[in-house]
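Presented below is the structure to which this report refers.
The values are calculated or read from the model by the stated rules, or taken from the named source; none is laboratory data. Because the structure is a prediction, the values reported are computed rather than measured. Cβ coordinates were reconstructed from backbone atoms using ideal geometry, including for glycine residues, and neighbour counts include every protein chain displayed. Surface accessibility is based on the protein's heavy atoms, side chains included, excluding ligands, DNA and RNA. Shrake-Rupley method; radii C 1.70, N 1.55, O 1.52, S 1.80 Å.
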Amino acid sequence: MRAHDPASTTFTCWHCTAEVTGSLFCPGCKAIQAPVRDYYRFFGLERKLSLDTGDLQHRFYELSRQLHPDRFQRRSPQEQQCSLEASSVLNDGYRVLRNPIERAEYVLKQEGFDIGEQRGKDVPPELLEEVFELNMVLEEMRGGEESARPQLEQARTRFQDMRREIDDQLGELFRNYDESRDRAVLARIRGVLNRRRYIGNLLRDVEKELEPAASLPGRDG
Amino acid sequence: MGTFQIDFGDQEKARVVGIDLGTTNSLVAYLDPAGHPEIIPDAGGRKIVPSVVAVAPSGEVLVGHAARDMLITHPERAVYSVKRLMGRGVVDIEEELKLFPFRIAAGSESVIRLQLGERVMTPPQASAEILRQLKRNAEAFLGEEVRQAVITVPAYFNDAQRQSTKDAGRIAGLEVLRLVNEPTAASLAYGLDKRKQGIVVVYDLGGGTFDISILRIKEGIFEVLATNGDTHLGGDDIDNLLLRVAIEDIESEWNEDISENGEAVQLLRRAVIRAKEELSYVPQTTIQLEYRGKRYDRELRRDLFERLITAIVDRTLPPCRQCIRDAGLSVGEIDEVVLVGGSTRIPLVRGAVEALFRAKPHAELNPEEVVALGAAVQAGILSGHVGDTLLLDVTPLSLGIEIMGGVVSKIIPRNSTIPASATETFTTAVDGQRHVLIHVVQGERELVRDCRSLARFDLQDIDPLPAGMARIEVRFLIDANGILNVTARDLRTGREQSVDIKPSYGLTDEQVEAMIRESFEKAEEDFRERQVREARVEADAILAAVEKAKQNDAYFELPDEERQAIDRAVNELLLVYHSDNHILIREHLERVNQATLHLAENMMNAAVRGVLKGTKI
């Protein structure tokens, strides 16, 4: 299949060579097209950080009905390939856009911000003392000292509260960015996301100690 | 010369059947003209084909009920529960080999080779025999050729297990249009009529596998939110446990260890399965075995049975809890629970499900048939007979690639709706490097050694460049069957990059091709054998007729040379009779015919004369 320039929205239909502008099907011959890789454009959405997830789900279902490989079983190999490609972009896009954190990271990346994993490992200065104490408690738990459990449970509640606060803060920043389109707001969002990721990692460590069995998914044989 | 047009009409209307290729039993279903899924019975009216394959001492391959009888008489020639061996290596199944009568042939590291009498079969070939039987049943019932199928697999099957199932279809001469996850198929069978909306849990405990899937059904879309399970947990485990207990019990009673005796073990296995099944309906039963004049009777009450199997049933609970968490739901948000698989008939299982989900589970449809029925619905969707229903399934396991230090970098998380994809860019580490090897794994753990190795992809013929200069974009795409496809592109040249795939488990494409050829050859061999047998039957008939004619007056009226010619022809036919050459047999059969032509004519005339004489006009 011919890949087209992701930056451009206009390309030629592989089937009838008509001009296609950013749509999933050729306006001339109705043939399915190679997908646009930009998730917002794919879903026909404005690039906003705050999204109505109900509307997103509705669009996802509608596009699934049009693009899913089940619908192209009796069509040409070329159309089947387009359907497979388009469905994967649709599903990947839905997975990213429906989750506010992944959505924000996606927009940051597209706007040229570096959001490497490594940033989640630097301890935010205001948490230094807390992390130091937590690590001691975690060590005790790992050493089999059940007396550390209540402390760990407290820590879990505290981190969960923190994460909720962060999510509220993010909601605020999302609305701010959608109105202002200010890159400075994106920079702040990146900082908050890093802090959130750090706290998420702490929570994961705590939960792993509190319920070791439950954090393991099923056996894959 | 006339022209002709290819008619694609038949192609479009071509029949697609739905197949449940189960651990214990297999079924085939189709959509009837009214659009309802129906199970297709065999010639004897039975819906279930036991998933047992055997090779008779004559070399004939038996499937289903006939093969199940062989399991008792020739346990070393039969294989059951072959699904548990699909997509696995010999180290994976060491534990079960202790209880199964399978003999493993040499060279079983990445694909198990089963020794069945003189034949060696891989699990996909054994499964192909079952599929071929179902195909034959469907063709006899529908009165038309069946070439395309939807086959169900456990939702928690990994890539190699799925690929093996697809290979089995190809070997059986079936185009597998889609692999559908069993619990999702079941939800289709349940949800179709009722136009359901809401959150549905499917709890599927079959013969060898356990799956849990949570779906949102809305506007005709069946969206799987999360799935979990254990591809090695099912009724088989309960049978094996009871079998172990009974073997020890018998040893203390008879002072004899029967565990090495295949026939006794298979008889006892049948007895414990019968006891297990009865305990779903009555509070107590007896495990009975009669063997070589000895008799074993052990009463088993349901409460003891339940205590014995609690640990097995409890193993289904952590995957359920994880699945609810992954779906982002709480128990209260679940609208319905559906039971699938024969093992859900066990009251203890039903109780455990009810307690966990705090809802009375549904089991209106036969839990053994519902998966095949759902497969037929999916077949209808693919062939365009079912319009506004669409299934959106997920990949059960995260897909990752090996990075430095044996660590896994996840690129497609579990429970992603499929088709799903990820794109990664790779480069070279050494000047002039021509290859890059990518190791792909499936699983949730952080280290490669704790995940399932899927395949190694070798990016070949990279232009020699200074280290780090090459840029190869690799696209990992999981298709609607849950099977990984990998393509690569050189970003500098835009050229398609060749990728050589070395699957860690299962068959290579070449091996599958060889097996398809072998199955054709086998079919040819079978065909030849039948031809020989038919020619001999005809020879028998003509030889008997000649013997009888020799008593007739007409024979004695023949000239000597004609009588000698007949004897010569008969002698030659008797000579070639035992050759394996049906053409030769038929040739000499024809010579006997020619030699007796005059005799037959004379006999006919005499008969006509006789009739005329006796007739009063």
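Among the residues of the range B:448-473, those that are open to solvent by 40 Å² or more (accessible area, probe 1.4 Å) and among the charged types (D, E, K, R) comprise B:R449, B:D450, B:R456, B:D461, B:D463, B:R471, B:E473. Considering (1) within 14 Å of another protein chain (Cβ to nearest Cβ); (2) out of contact with any Pro (no Cβ under 8 Å at 6 or more places or on another chain); (3) under 24 Å from B:V111 (Cβ atoms), the lone condition that B:G482 does not fulfil carries the number (2). For the range B:139-167: of the residues being open to solvent by 10 Å² or more (accessible area, probe 1.4 Å) and of a type in the set (D, E), which is nearest to B:T23 (Cα to Cα)? Step by step, filter the range B:139-167, then rank; the result is B:D159. Exactly one residue out of B:P413, B:P419 is open to solvent by 10 Å² or more (accessible area, probe 1.4 Å) and within 14 Å of B:F476 (Cα to Cα), and it is B:P413. Scan (1) away from chain A (no Cβ under 14 Å); (2) in contact (Cβ under 8 Å) with a residue 24 or more places away in the chain; (3) within 28 Å of B:A29 (Cβ to Cβ); (4) not β-branched (V, I, T) for the single condition B:D461 breaks and write down its number. Exception for B:D461: condition (3).
Hey, can you tell me all the residues within the range B:227-271 that are within 14 Å of chain A (Cβ to nearest Cβ) and either in a loop (DSSP other than H, G, I, E, B) or hydroxyl-bearing (S, T, Y) (or both)? Give the derivation first.
Restricting attention to the range B:227-271, the residues satisfying the condition of being within 14 Å of chain A (Cβ to nearest Cβ) are B:227-234, B:236-237.
Listed by number, the residues that qualify are B:T227, B:T231, B:H232, B:L233, B:G234.
Applying the criterion of being among the polar types (S, T, N, Q) and assigned by TED's automatic domain parsing to the domain that holds A:P150 to the residues of the range A:185-221, the residue that is modelled with the lowest pLDDT is A:N201. Taken over the range A:200-215, residues that are without any contact (Cβ under 8 Å) to a residue 12 or more places away in the chain and either assigned to a helix (DSSP H, G or I) or loosely packed, with under 12 Cβ neighbours inside 10 Å (or both) amount to 5. Taking the stated definitions as given, is B:F222 away from every other protein chain (no Cβ under 14 Å) and modelled with pLDDT of 90 or more? Here the answer is no, as B:F222 does not meet what is asked. Screening B:R244 with (1) open to solvent by 20 Å² or more (accessible area, probe 1.4 Å); (2) closer than 21 Å to B:A78 by Cβ; (3) in contact with a helix residue (DSSP H, G or I) (Cβ under 9 Å, 6 or more places away or on another chain) gives one miss only, at (3). Scanning the range B:355-408 for residues that are within 12 Å of chain A (Cβ to nearest Cβ), of a type outside the set (D, E) and either part of a loop (DSSP other than H, G, I, E, B) or at positive phi (or both) yields B:S383, B:G384, B:H385, B:V386, B:G387, B:T389, B:T395, B:P396, B:L397, B:S398.
For B:I199, the conditions (1) touching a residue at least 24 places away in the same chain (Cβ under 8 Å); (2) within 13 Å of chain A (Cβ to nearest Cβ); (3) open to solvent by 10 Å² or more (accessible area, probe 1.4 Å) are fulfilled apart from (2).
Applying a threshold of 7 Å to beta carbon distances and a minimum spacing of six or more residues, or different chains, the list of pairs starting in the range B:568-583 at a residue that is crowded, with 16+ Cβ neighbours inside 10 Å and ending at one that is of a type in the set (V, I, T) reads B:A569/B:V592; B:V570/B:V546; B:V570/B:V592; B:L573/B:V592; B:V576/B:I585; B:Y577/B:I585; B:H582/B:V532. Scanning the range B:301-322 for residues that are away from chain A (no Cβ under 14 Å) and either touching a strand residue (DSSP E or B) at 6+ places or on another chain (Cβ under 6 Å) or among the β-branched types (V, I, T) (or both) gives B:R301, B:I309, B:T310, B:V313. Say we look at the range A:81-90 and pick out the residues that are open to solvent by 10 Å² or more (accessible area, probe 1.4 Å) and facing chain B (nearest Cβ under 10 Å); which of these is farthest from the chain's Cα centre (by Cα)? Within the range A:81-90, the match that is farthest from the chain's Cα centre (by Cα) is A:L84.
With B:I112, B:I130, B:I151 as the choices, which residue is under 25 Å from B:I501 (Cα atoms), hydrophobic (A, V, I, L, M, F, W, C) and at pLDDT 95 or above? Spell out the reasoning first.
Details: B:I112 fails: at pLDDT 95 or above; B:I130 fails: under 25 Å from B:I501 (Cα atoms).
From the options B:I112, B:I130, B:I151, the qualifying one is B:I151.
Residues in the range B:176-224 that are more than 24 Å from A:P69 (Cα to Cα) and outside any strand (DSSP E or B) were compared, and the one that is farthest from the chain's Cα centre (by Cα) is B:K194. What residue, among those in the range A:91-111 that are more than 7 Å from every other protein chain (Cβ to nearest Cβ) and among the polar types (S, T, N, Q), is nearest to the chain's Cα centre (by Cα)? Step by step, filter the range A:91-111, then rank; the result is A:N99.
Applying the criterion of being free of Cβ contacts under 8 Å to residues at least 40 places away in the same chain and in contact with a helix residue (DSSP H, G or I) (Cβ under 7 Å, 6 or more places away or on another chain) to the residues of the range A:176-199, the residue that is nearest to A:R158 (Cα to Cα) is A:V192. Residues in the range A:31-71 that are in a helix (DSSP H, G or I) and of a type in the set (S, T, N, Q) were compared, and the one that is nearest to the other protein chains (Cβ to nearest Cβ) is A:S64.
Counting only residues that are in a helix (DSSP H, G or I), open to solvent by less than 70 Å² (accessible area, probe 1.4 Å) and closer than 14 Å to B:L558 by Cα, the range B:584-609 holds 6 of them. In this structure, B:Q551 does satisfy being in the same structural domain as B:T596 (by TED's automatic domain parsing), out of contact with any Pro (no Cβ under 7 Å at 6 or more places or on another chain) and part of a loop (DSSP other than H, G, I, E, B).
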